[in-house]
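Remarks on the structure that follows.
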Amino acid sequence: MAITSEFVSTTQEIINIQIVIDTDAITTDFPTPSQDPNAPTGLPHNYMYMVATRGNTITGSGGADLNIKADVGDVIRWYAVSEFGNFDSAVVIYKLEKYAQDTVFNNVTFSVYTRTGILPADGTAIPIGFSTQNFWFNQANVVAKGTEQYNVSFALYTRQRGVDQPVLFGYYYWDPTVTVQS
């Protein structure tokens, strides 16, 4: 009797998904968001844009739903920034949670890494300098092929005149779909 199994990659690939969130439009259109991280304000899909590398994207690049190529055992990392690059308004994803269809990923974690990054030196773009920086993302393991609908919850911070640190504006979420195919 032959034993068959679904193909499992022998090399793990990291698939990076960059999310850009239009904070100006959100703060204008939804000016009184939830202040409770357990009950964020829902948003339609036209306020955020997801992209992955061309080699991992099937369809949906630049939209709120993304279809990617991945194998079981790969890792997905989600990074989020405001359209300001988190300079004026800033966002941070604090929860990714399945709500319908297949279970495509699991073990979602939030990670912060401190490492050397580049920094323009002496007020010019080149030559560059180096500085210690924090990089953060949400990460999950790909456990099956299929389509998963999940909620992405994020906190939005804004700058206020006369206040040094960004101030929490509110909590939001949207419900993208990710399809994993190999």
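The values are calculated or read from the model by the stated rules, or taken from the named source; none is laboratory data. Owing to the predicted nature of the structure, the values given are computational and were not obtained by experimental measurement. No Cβ is skipped: glycine too gets one built from the backbone with ideal geometry, and neighbour counts run over all protein chains shown. The area values use the complete protein model at the heavy-atom level, side chains included, leaving out ligands, DNA and RNA. Shrake-Rupley method; radii C 1.70, N 1.55, O 1.52, S 1.80 Å.
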**Prompt:** For the stretch 102-144, what are the residues that are of a type in the set (Ser, Thr, Tyr) and either open to solvent by 80 Å² or more (accessible area, probe 1.4 Å) or modelled with pLDDT of 90 or more (or both)?
**Reply:** 103, 109, 111, 113, 114, 116, 131, 132
**Prompt:** For the subset of the stretch 39-54 comprising residues that are over 22 Å from residue 24 (Cβ atoms), modelled with pLDDT of 80 or more and not β-branched (Val, Ile, Thr), which member is least open to solvent (accessible area, probe 1.4 Å)?
**Reply:** 52
**Message:** Please verify whether residue 157 is touching a Ser or Thr at 6+ places or on another chain (Cβ under 6 Å) and open to solvent by 50 Å² or more (accessible area, probe 1.4 Å), treating the condition exactly as stated.
**Reply:** no
**Request:** For the stretch 160-182, name all the residues that are under 26 Å from residue 25 (Cβ atoms), open to solvent by 40 Å² or more (accessible area, probe 1.4 Å), in contact with a strand residue (DSSP E or B) (Cβ under 7 Å, 6 or more places away or on another chain) and of a type in the set (S, T, N, Q).
**Result:** 160
**Prompt:** How many of the residues in the stretch 58-95 are under 30 Å from residue 35 (Cβ atoms), of a type in the set (A, V, I, L, M, F, W, C), open to solvent by 60 Å² or more (accessible area, probe 1.4 Å) and touching a residue at least 40 places away in the same chain (Cβ under 8 Å)?
**Reply:** 1
